[in-house]
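The values are calculated or read from the model by the stated rules, or taken from the named source; none is laboratory data. Here the structure is a predicted model, which is why all the values come from computation and not from measurement. A quick note on method: Cβ atoms are made from the backbone with ideal geometry, for glycine too, and the neighbour counts reach across all protein chains shown.
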Protein chains: 2
Amino acid sequence: MSAFSYSHPRPSVTVDLVIFTVLDTDLKILLIRRKVPPFQGWWALPGGFVKVGRDDSDPGESLEDAAHRELEEETGLPRGSAFIEQVHTFGKPGRDPRTRVISVVYMALVRPDLAPLIRASTDAADVQWRSMKNPVALAFDHMTMVEKAVTKIRDRLDRTSIAFELVPPTFTTAELRQVHEAIKAEAYDPGNFRRRFKRMLTDGVIEKAPGKRQTGSRPASVYRFLGIG
Amino acid sequence: MSAFSYSHPRPSVTVDLVIFTVLDTDLKILLIRRKVPPFQGWWALPGGFVKVGRDDSDPGESLEDAAHRELEEETGLPRGSAFIEQVHTFGKPGRDPRTRVISVVYMALVRPDLAPLIRASTDAADVQWRSMKNPVALAFDHMTMVEKAVTKIRDRLDRTSIAFELVPPTFTTAELRQVHEAIKAEAYDPGNFRRRFKRMLTDGVIEKAPGKRQTGSRPASVYRFLGIG
DNA sequence: TCAAAAGTGTTTCTCGTACACCCATGT
DNA sequence: ACATGGGTGTACGAGAAACACTTTTGA
């Protein structure tokens with residue numbers, strides 16, 4: 001193993017975000033339009049440099065902190081309003097034409113009731129919720145990043161409770177099912193999905209919330225996520 | 001998003017390896033003893049700096065290449081003799097007391113028939129296959145890295161074909177079962193495991209290889225991995 | 001002949017899937 | 001009244017788990 005040296009050339013390190021939400025029964029990703037070269041005018045993932053710090057009085061930020069900060073800066077959403085998880089790190093030479101850049105990709109899940117609050121709605125030309133169904137070309141290797149993130153969120157869907165990060169605080173079975181359908185891009189049998197759902201009820205993962213919700217015809221019961229017992 | 005700048009302070013970036021093998025029905029990790037401070041004399045994961053490059057004629061290496069290079073340097077095994085996959089990236093300030101270091105962790109799977117060939121056998125004081133059963137304190141945040149890697153390999157076990165990366169080119173059902181048992185740290189019913197195994201046979205994932213193998217009593221049939229149809 | 005591991009059979013239970021059907025409400 | 005989505009019932013099949021059993025070898 002090589003000896004430690006301060007003289008090694010060092011790469012730039014960024015954090016890039018794949019910010020998901022489910023709107024109109026559709027999985028969407030937040031993209032921003034680049035204002036500067038390279039890839040000027042292209043759509044890209046939000047992201048930025050990790051604050052590294054210069055000395056002990058300025059230690060810099062962790063990767064997770066950088067991800068949270070970027071999310072806040074890009075969306076205006078307060079901290080803690082989104083679930084964040086690391087996806088993968090990309091570091092191939094040449095992926096940024098300017099210099100060697102290593103990018104740590106995080107995915108963030110934004111609840112649909114918060115999604116309309118972001119700046120996307122005020123400045124739609126430069127920030128946009130984009131459906132996965134009709135993809136655009138993305139700057140750098142950002143399309144690869146998106147694919148990795150989509151694979152990851154699909155994996156997590158049936159193994160963890162992330163679906164609850166993509167519904168409002170109270171929700172109906174149909175709303176939760178639509179989240180699953182949007183992420184997996186396939187239809188679920190409503191009856192069978194309800195059965196899986198009921199198991200969570202008896203397991204104490206969710207509980208019935210007061211009231212009903214109107215979705216077009218017969219009003220549906222609403223539920224609340226409690227957490228994994 | 002902040003404008004691009006060459007003057008940002010940049011972190012050091014390393015690749016660290018969690019190298020797994022299964023020996024004596026036991027999941028083992030390759031550790032090296034540090035010869036220099038900090039953590040001098042402690043056990044640590046093998047790893048080193050990513051070659052970043054200085055200009056166009058010296059583009060540097062990708063993270064995967066760095067992982068392969070490190071594996072080769074630390075074990076002496078030829079390239080391509082191990083399965084490698086990225087696990088997670090660690091970047092909290094202070095995780096290395098000297099300067100800001102961001103470490104990309106890869107796991108590597110070494111077949112048990114190759115494991116004895118590594119330098120561990122020649123210089124056992126400084127390189128060692130260490131069982132997960134009686135853990136040692138590790139330098140830096142390497143224990144957290146190991147835990148992440150173990151979680152990942154367990155996840156992958158029933159979802160992918162990684163088990164075949166930890167058996168010789170031809171193997172018996174018992175050998176494959178022992179790999180599963182070592183990784184999951186639990187016993188499997190031999191009869192039931194055989195049934196799962198047989199399904200792979202009819203699915204064309206594996207095929208019968210000529211000959212039998214002696215493991216103490218009745219000789220067992222040997223099989224060969226073909227790949228996922 | 002006995003221990004030990006290879007390999008088979010059987011039974012039970014759970015869960016996913018398919019699909020028919022009833023229920024409550026807006027139009 | 002009827003369309004629409006909420007919600008229930010049922011029947012089948014695949015596969016996990018538990019476990020008794022037979023077979024083939026070395027010692």
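Pairs under 6 Å by beta carbon, first residue more than 22 Å from A:PHE20 (Cβ to Cβ) in the stretch A:180-207, partner within 13 Å of DNA strand D (Cβ to nearest atom), six or more apart or different chains?
Short answer, once both residue conditions are applied: A:ARG194/A:THR173.
When you scan the stretch A:105-134, how many residues do you find that are in a loop (DSSP other than H, G, I, E, B) and farther than 28 Å from B:THR89 by Cα?
11
Is it true that A:ALA67 is within 25 Å of B:GLU85 (Cα to Cα), touching a residue at least 12 places away in the same chain (Cβ under 8 Å) and among the small types (Gly, Ala, Ser)?
Working: within 25 Å of B:GLU85 (Cα to Cα): yes; touching a residue at least 12 places away in the same chain (Cβ under 8 Å): yes; among the small types (Gly, Ala, Ser): yes.
So A:ALA67 fits the description; yes.
Restricting to the stretch A:61-106, and then to whatever is under 14 Å from the mean Cα position of the chain (by Cα) and acidic (Asp, Glu), can you tell me which residue is modelled with the lowest pLDDT?
Looking at the filtered set, the residue picked out is A:GLU74.
Examine the stretch B:20-31 for a residue that is at pLDDT 95 or above, facing chain A (nearest Cβ under 9 Å), surrounded by 17 or more Cβ atoms within 10 Å (Cβ to Cβ) and over 30 Å from A:GLY76 (Cβ atoms), and state whether such a residue exists.
Scanning the stretch B:20-31, I find no residue that is at pLDDT 95 or above, facing chain A (nearest Cβ under 9 Å), surrounded by 17 or more Cβ atoms within 10 Å (Cβ to Cβ) and over 30 Å from A:GLY76 (Cβ atoms), so the answer is no.
Which of the numbered conditions does B:ILE102 fail, given that it passes all the others? Conditions: (1) β-branched (Val, Ile, Thr); (2) away from chain A (no Cβ under 14 Å); (3) not in a helix (DSSP H, G or I).
(2)
Kindly establish whether B:ARG218 is within 11 Å of DNA strand D (Cβ to nearest atom), more than 26 Å from the chain's Cα centre (by Cα), away from chain A (no Cβ under 14 Å) and part of a helix (DSSP H, G or I).
So B:ARG218 fails the test.
Condition check ((1) at pLDDT 95 or above; (2) touching a Leu at 6+ places or on another chain (Cβ under 7 Å)) across all residues:
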site	(1), (2)
A:TRP129	no, yes
A:LYS133	no, no
A:VAL136	yes, no
A:ASP141	yes, no
A:ARG154	yes, no
A:ALA163	yes, yes
A:PHE171	yes, no
A:GLU181	yes, no
A:ALA187	yes, no
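Could you please find all residues in the stretch A:77-96 being within 7 Å of chain B (Cβ to nearest Cβ) and of a type outside the set (Ser, Thr, Tyr)?
Listed by number, the residues that qualify are A:GLN86, A:HIS88, A:GLY91, A:LYS92, A:PRO93, A:GLY94.
For residues that are closer than 14 Å to A:THR172 by Cβ and either within 12 Å of DNA strand D (Cβ to nearest atom) or at pLDDT 95 or above (or both), scanning just the stretch A:189-205, find the one that is surrounded by the fewest Cβ atoms within 10 Å (Cβ to Cβ).
Narrowing the stretch A:189-205 to residues closer than 14 Å to A:THR172 by Cβ: A:190, A:193-194, A:197-198, A:200-201.
Remaining after also requiring either within 12 Å of DNA strand D (Cβ to nearest atom) or at pLDDT 95 or above (or both): A:190, A:193-194, A:197-198, A:201.
Details: A:PRO190: 10, A:PHE193: 18, A:ARG194: 14, A:PHE197: 16, A:LYS198: 12, A:LEU201: 12.
Checked the stretch A:189-205; the qualifying residue surrounded by the fewest Cβ atoms within 10 Å (Cβ to Cβ) is A:PRO190.
Name the pairs: first residue in the stretch B:24-48 and free of Cβ contacts under 8 Å to residues at least 24 places away in the same chain and of a type in the set (Asp, Glu), second residue assigned to a strand (DSSP E or B) and surrounded by fewer than 18 Cβ atoms within 10 Å (Cβ to Cβ), Cβ to Cβ under 6 Å, at least 6 apart or on different chains?
From the stretch B:24-48, no pairs qualify.
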